[in-house]
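Visitor: Pasting in a structure now, in C-alpha cells, and then I'll have a few things to ask.
The values are calculated or read from the model by the stated rules, or taken from the named source; none is laboratory data. The model shown is predicted, which means the values in this text are computed figures rather than measured ones. Positions of Cβ are backbone-derived with ideal geometry, glycine not excepted, and every protein chain shown enters the neighbour counts.
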Amino acid sequence: MKLHYTKALFFLMFLTFFSCENKKQKQESKPYKAGVILSFDDAYVDEWYEADQALKKYGWKATFNVCRIDSIGKPQIKKLLQLQKEGHEIAGHGYHHYNAVKFVNQNGIDAYMQQEVDPMIVSMKRLGFNVTTFAYPYGERSDALDKALSDDFKIIRGRAFGGEAPEKQDSFFSNSKIVFAFDIDNSHIHFSIPYVLELLDYAQKHNKILLLCGHKPVKNVTENYQTKIETLEFICKYMKLNNLKFYKTSDLDDLLPEE
C-alpha cells in the first residue's frame, strides 16, 4: 500500500513539474523579424494621405492614431477608410485629446473612460474602423491608466522621451502590451537623422522592433509637430536596403508571449 502511495505521489509531482514547465515555455517570446513601426498622431489626415502616396513605392505600412474623430470631415473619413483598406492601421488617440494623467488627477479614471475612451470607440466603430490599439495624447501615462485601458485595447503606446544610447532606449518592443515610441518630429529635442540611424542599426543588428512616431508629414517644416517627408523616405530606404519589416502597432499583439 505504501509503495502504491509513493508511486502516486511521484506521478503527481511529475505532472505538476511538467505543467509548470509548459507554462514557462508559453511565456517565452515568439520569434519575429527585425522591423519598424511608423505611427502618426492626431488628425492630419490630408497630410497622412499625401505621405502614403509618396511612400507606397516602399511597400510601407503605418499606424494612424486618430483623435477628435467626430470633428473630422467626410472627405477625411473617406481617406482614412481608404488607408485602412490598403492595410494601414487606424488606431485610437482619444475622443478629445486630453492629457490622460492630468485629466485623471483632476477627475478620476472613470470620468476619463466615459469622456475620452468610450465615445471614441463607439464613433470609430460606427464609421467602420476596427480599433484595437491606443496611443496616449502627449505620451503621458500611468500604471493605473494602462490597467483601465487594457480591457479595450490589445496594445497601449506611450512615448520614449529621452535620447539615450540605443541599448537603453525604451522605444523597442520588449514583449509587453505597453510600448513606447521615439518622436521623429523635427521639433523634438532629441531628434536627428544620425540618432535615428543609430536606432535603426541597433534594431537591425539585434533583431528588434523599433517604434517611431510623428504627427504631420510635410515637405518643409514650418512649425512644431511636423515630420519631414525626407525623414520618412530615409527610414523607408534604410528598411528596404536592410530587409527590415514594416509593422503596425496591432501586429505586436500576435507577438506577445502566451499567458
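Visitor: Check every one of the strands (runs of 3 or more DSSP E) wholly within the range 145-254 and list those with 2 or more residues that are closer than 18 Å to residue 54 by Cβ.
Guide: Output list reads 209-214, 216-218, 226-228.
Visitor: Is it true that residue 223 is farther than 18 Å from residue 198 by Cβ, surrounded by fewer than 20 Cβ atoms within 10 Å (Cβ to Cβ) and modelled with pLDDT under 95?
Guide: Spelling it out, it is not the case that residue 223 is farther than 18 Å from residue 198 by Cβ, surrounded by fewer than 20 Cβ atoms within 10 Å (Cβ to Cβ) and modelled with pLDDT under 95.
Visitor: Here's something else I'd like to know. Of all residues being among the polar types (S, T, N, Q) and surrounded by fewer than 21 Cβ atoms within 10 Å (Cβ to Cβ) in the range 43-88, which is nearest to the chain's Cα centre (by Cα)? Just the residue, please.
Guide: Result: 84.
Visitor: Might you let me know whether the range 129-150 holds any residue that is more than 30 Å from residue 57 (Cα to Cα), among the aromatic types (Phe, Trp, Tyr) and out of contact with any Lys or Arg (no Cβ under 8 Å at 6 or more places or on another chain)?
Guide: no
Visitor: Without any contact (Cβ under 8 Å) to a residue 60 or more places away in the chain, in contact with a Phe, Trp or Tyr (Cβ under 9 Å, 6 or more places away or on another chain) and part of a helix (DSSP H, G or I): which single residue out of 70, 46 fits that description?
Guide: Testing whether each residue is without any contact (Cβ under 8 Å) to a residue 60 or more places away in the chain, in contact with a Phe, Trp or Tyr (Cβ under 9 Å, 6 or more places away or on another chain) and part of a helix (DSSP H, G or I) leaves just 70.
Visitor: For the range 124-144, name all the residues that are at pLDDT below 95 and in a helix (DSSP H, G or I).
Guide: 138, 139
Visitor: Limited to the range 139-163, what total is found for residues that are exposed (fewer than 14 other Cβ atoms within 10 Å of the Cβ) and among the charged types (D, E, K, R)?
Guide: 3
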